[in-house]
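Inspection log for the structure reproduced underneath, given as structure tokens.
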Amino acid sequence: MTPSLHLAAFLLAAAATCAAQSIQPVITEYKGAAEGKFAVTNNSLIPMVVVLEPRSFDVDDQGKGLYRDLDPEIHVELSAMSFVLQPQQTHYVFYRASAERLPSWFTVYATFSSPSHSPGVDLRLMLPHTVYLYSKRPFDQTQLQITAINYDATTGHITGTIANQSDSLIRVQSVTPTGPHATGDLGGFPLLPGRKRQVDLAWTASTPPTGLEFHFPGFTLKRPITQAQVLPE
């Protein structure tokens, strides 16, 4: 087998191995302290070593996660820090988490790797389980500010900004455009205290959109599009 065929075979095997690993659920939410579990599954045909590491994170205006060591005021106890998963095996990880101030949030990263190391590239896969600890008081939706909702007919994109001006945490469940033949949406994302998030959705209909809807647990905020232009023919 030629080197190029060796590389192709390795990449195919690597892709199959990556696709076979999973962690469920990906996100959990609690009021106050947390006591829960998540499932780590190895659907591949080879054993995998799994190492767990809790980490804190922030999210920038573009939605990119910025990870760091776990903040000292967040306390996480895991039933295991590492284990070996046999082929087709699922392992449940139990945990308790609390924080000295609320809201707080963190991610438990599960790093998968082969127990045997071979010369060359060692494949590693990281999958997250993210935990949000909410304060028990209700969220004040008047502290949400939505601005600059625009539609650019040249690019076919709807853009806007939503800001959380409170000291509470809330998750946007989805963002959907409105208008004739509206399709598609933007998936959910956390809106951290004192942070803002820029949204960008593609619009493919021949008539312009009329607005955006921001869906939250228990309520929806609707905003019209202030600059809509007809798509060029």
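The values are calculated or read from the model by the stated rules, or taken from the named source; none is laboratory data. Keep in mind it's a predicted model, so treat the numbers as computed, not measured. Every residue, glycine among them, receives a Cβ derived from its backbone with ideal geometry; neighbour counts consider all protein chains shown. Quick note on the areas: whole protein, heavy atoms, side chains included, nothing else; ligands and nucleic acids left out. Shrake-Rupley method; radii C 1.70, N 1.55, O 1.52, S 1.80 Å.
If you take the residues of the stretch 128-160 that are more than 23 Å from residue 222 (Cβ to Cβ) and modelled with pLDDT of 95 or more, which of them is surrounded by the most Cβ atoms within 10 Å (Cβ to Cβ)? Among those that are more than 23 Å from residue 222 (Cβ to Cβ) and modelled with pLDDT of 95 or more, it is 129.
The residue list 93, 84 contains one member that is open to solvent by less than 50 Å² (accessible area, probe 1.4 Å) and either assigned to a strand (DSSP E or B) or modelled with pLDDT under 95 (or both), which is 93. Cβ separations smaller than 6 Å between residues 6+ apart or across chains give the following pairs from the stretch 191-207 residues that are outside any strand (DSSP E or B) to residues that are of a type in the set (Asp, Glu): 193/167. Within the stretch 48-69, does at least one residue satisfy the condition of being in contact (Cβ under 8 Å) with a residue 24 or more places away in the chain, among the hydrophobic types (A, V, I, L, M, F, W, C), assigned to a loop (DSSP other than H, G, I, E, B) and open to solvent by 50 Å² or more (accessible area, probe 1.4 Å)? No, the stretch 48-69 contains no residue that is in contact (Cβ under 8 Å) with a residue 24 or more places away in the chain, among the hydrophobic types (A, V, I, L, M, F, W, C), assigned to a loop (DSSP other than H, G, I, E, B) and open to solvent by 50 Å² or more (accessible area, probe 1.4 Å). I'm trying to understand the selection: among the residues of the stretch 20-36, which are in contact with a Ser or Thr (Cβ under 8 Å, 6 or more places away or on another chain) and not in a loop (DSSP other than H, G, I, E, B)? Result: 20, 21, 22, 23, 24, 27, 28, 31, 34, 36.
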